[in-house]
Every structure is written in C-alpha cells, then in structure tokens.
Amino acid sequence: MKQCTHADALPHPEPEPCGETCPECLAEGTDPVQLRLCLSCGHVGCCDSSPRQHATAHHKETGHPVMRTFEPGESWRWCFVDHVLV
C-alpha cells in the first residue's frame, strides 16, 4: 500500500489559515464548493469540485504537498504528490 512520504516534514503546529474562504474565488466572485487548507503555508483554496480548483492550483504553483479539508466536522488529509490519504 502506497504511503505519503511528506507528512513527517509538515510544520507542527499546523499553520494558521490565511483566511476563512478561498481568496481567489472571492476575488473572482465565484463560490467555492468545499475548502482545503495547505498544511505548508495555511493557504485556503477551493476543492476540485469547484469551477477553478484553487487548492490544486496552489499545489501546482508552490509544490506544497499536503492539504487537509477545511470543512467543519471533517479531518482527512491528502498528499498531492503521492496521491494518497494521509
């Protein structure tokens, strides 16, 4: 079973969220479907079900490997590089 090779290098504690919603969606006037938090820098981006997929775009621009859901009641994490739940 494939495992994430990046989780051990994440900062502790987690970075503070840079905001309460996706700033790119806010600037574009679109609504995010669900939010994701970058565990390297705290960027908040919309998920891949959103029209512009800003969380994935953030990963592609920065190389930051792991994000977690930023939705209330959820706690899962995803590694973009290894394509696995962390």
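Taking only DSSP H segments of four or more residues, each worth -39500 (n - 2.57), what value at 222 nm results for the chain once the sum is divided by all its residues, to the nearest 500 deg cm²/dmol?
-4500 deg cm²/dmol
Mind checking the range 5-86 for GluC sites (Glu not before Pro) that DSSP puts in a loop (not H, G, I, E or B) and that have at most 11 other Cβ atoms within 10 Å?
Counting only loop positions with at most 11 other Cβ atoms within 10 Å, the GluC sites (Glu not before Pro) in the range 5-86 are E20, E74.
Quick one: compute the contact order of the chain, relative version, from alpha carbon pairs under 8 angstrom and 6+ residues apart, as a percent.
Relative contact order here is 28 percent.
Under 4.7 Å Cβ to Cβ, no partner at all: give me those cysteines from the chain, in residue order.
C18, C38, C41, C47
Mind listing the phi-derived Karplus ³J(HN,Hα) values for the range 63-72, rounded to whole Hz, using 6.51, -1.76 and 1.60 with θ = phi - 60°, and x for any glycine or proline?
For the range 63-72, the Karplus-derived couplings read x, 5, x, 10, 10, 10, 4, 10, 9, x Hz, x marking Gly and Pro.
Out of these labelled values of percent of Cα pairs over 23 Å apart, [x] 42; [y] 10; [z] 15, which was calculated from the coordinates shown here?
Label of the calculated value: [z].
Since every read-out is calculated from the coordinates, none of them should be taken as a lab result. Note that the structure is predicted; figures quoted are calculated from it, not measured. Positions of Cβ are backbone-derived with ideal geometry, glycine not excepted, and every protein chain shown enters the neighbour counts.
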